[in-house]
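Quick notes on the structure that follows.
The values are calculated or read from the model by the stated rules, or taken from the named source; none is laboratory data. Predicted model only: the values in this text are computed from it and were never measured. FYI the Cβ positions are ideal-geometry reconstructions off the backbone, even for glycines, and counts take in every protein chain you see.
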Amino acid sequence: MASQFALMKTNRFLPLFIVQFLGAYNDNLLKTILIVMIAYGLWDVNGIDPGVLVAVATGVFILPFILLSPVAGAMCDKFDKAVMIKWIKLAEVVIAVIAVAALFSEDLYFAFGVLLLLGAQSAFFAPCKFSILPDHLAREELVGGNALVSTGTYMAILLGTIIGAALALMDGGKLIAGGVILAMAVIGYLAALKIPSAPSSEPDVQISYNVFAKAWSALSYAFAQKGGVLVSIMGVSYFYFVAATFHAQFPNFTKQSLGADNVVLIMFMVAFSFGVAIGGLLNHKFLNARAHGGFVPVACLFMAAFGVDIYFAAKAYPAPTGDELHTLGVFFSNVQGVRLMADTFLQAVACGFFVIPLRAIVQDRSKKGVRARVISSSNMMDALFILLSAIVSTVVLAQGISIEGLYLTVSVITFAFGLFLFFVPSLRATYK
């Protein structure tokens, strides 16, 4: 079994990896700056609860995935995916210019408009990047390739969130962020030019801009697939529900629930990102490069268990006295702080074990001619579950329930979903 890292030396994988990495980095750099500014009171939010605003921002970013994913999937099946990616990354350069203007305007509605544009650009990119992998990788390379893409994504999230959180609270941070966002968008476009061609296998696909009709059509393709594809799509979407709920509320959880500073926030993001990356990479060895979900139900139960313990550890963590926030040293001097960070890391490792096999199953077991449309239906479901996460978070927090209470609620649901997955034999089978 060849090392998955050998793919990083090939032209059929490395340019796509760079494009994905830089795109995810830019998205998260901008989103984190906005969220931290809101959470730490640096922007005027007219008295709206920061936790609710963060949930709304997540919903604004993800809405285009629901509306545009079916059209994007049909276009990816109809046209050369590499050409599509080049145009999508060129659009990102234009959006980056608008994003810089939004940062300096400090206008909340302008910033939400930029998030909407970023969501639209990402909605077109997602089916291209995942459906092009089976075109350029051998079947036994899919688990490793997906693990590397996932690792790159979460390392990009890590860097984007760390640098975004630091720049948000730094004098001159917006100027630095603006330059970085523009530079990464341009480099991403240049990398996209190197992606090898991936010609269409279904050039006669009809493109309809009736989003509701295309959504139904994409879902019908997903329902028609065999070998546990539909359950795998549901599982990937549920991963996004859990990850979005926990990750999006880290700034408010750190400041409001724990009374800790932005360095502690960065450490939570580091723990989560590294955890997902490590869990994803370990799949290649444990699954012996085969696309099956044998460990998925167990991983789901571990996700739930560590989420529950985050609740109890947060309740046991001593609240700060006065207005001074706990530093990293103070946080780790308390055993509950160490417990919280360990729970976050281990929950994320379980997330990595959970999602990578499911994504590989969708790619491997979907018919080639409709693969991008099946993946677009998966992306649409992901978006719906992330939007559901934003809605659930908004409703729960609006009722006066704490953020750790929200985490507990999601973890209990996750436990039930893990039990359900034990009764899906096609998920665990190795597909021929």
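Among the criteria (1) surrounded by fewer than 24 Cβ atoms within 10 Å (Cβ to Cβ); (2) among the β-branched types (Val, Ile, Thr); (3) farther than 21 Å from Ala305 by Cα, the one Ile375 does not fulfil is (1). Looking across the range 92-149, the residues that are acidic (Asp, Glu) and either outside any loop (DSSP other than H, G, I, E, B) or touching a residue at least 24 places away in the same chain (Cβ under 8 Å) (or both) come down to Glu92, Glu106, Asp135, Glu140, Glu141.
Tell me, please, whether a residue that is modelled with pLDDT under 85, polar (S, T, N, Q) and over 30 Å from Phe345 (Cα atoms) can be found in the range 223-237. Yes, because at least one residue in the range 223-237 is modelled with pLDDT under 85, polar (S, T, N, Q) and over 30 Å from Phe345 (Cα atoms). Among the residues making up the range 332-352, a single one is surrounded by fewer than 24 Cβ atoms within 10 Å (Cβ to Cβ) and either of a type in the set (Asp, Glu) or at pLDDT below 90 (or both): Asp343.
Give the residue, chosen from Pro50, Pro15, that is within 23 Å of the chain's Cα centre (by Cα) and modelled with pLDDT under 75. Spell out the reasoning first.
Values: Pro15 fails: modelled with pLDDT under 75.
From the options Pro50, Pro15, the qualifying one is Pro50.
Quick one: is Phe61 closer than 27 Å to Thr151 by Cα, under 19 Å from the mean Cα position of the chain (by Cα) and either at pLDDT 80 or above or in a helix (DSSP H, G or I) (or both)?
yes
Within the range 179-196, not a single residue is modelled with pLDDT under 80 and not in a helix (DSSP H, G or I). Cβ separations smaller than 9 Å between residues 6+ apart or across chains give the following pairs from the range 418-432 residues that are modelled with pLDDT under 75 and of a type in the set (Ser, Thr, Tyr) to residues that are surrounded by fewer than 16 Cβ atoms within 10 Å (Cβ to Cβ) and assigned to a loop (DSSP other than H, G, I, E, B): Ser426/Lys226; Thr430/Gly294; Tyr431/Lys226. Test Ser402 against the criterion of being buried (at least 24 other Cβ atoms within 10 Å of the Cβ), at negative phi and of a type outside the set (Phe, Trp, Tyr), and give yes or no. No, not satisfied. Of all residues in the range 306-357, which are among the basic types (Lys, Arg) and under 13 Å from Ala260 (Cα atoms)? Once the filter is applied, which keeps residues that are among the basic types (Lys, Arg) and under 13 Å from Ala260 (Cα atoms), the range 306-357 yields nothing. Of all residue pairs spaced 6 or more apart or on separate chains, those with beta-carbon atoms under 9 Å, a first member in the range 329-348 that is over 11 Å from Asp309 (Cβ atoms) and a second member that is of a type in the set (S, T, N, Q) and at pLDDT below 95 are Ala348/Ser273.
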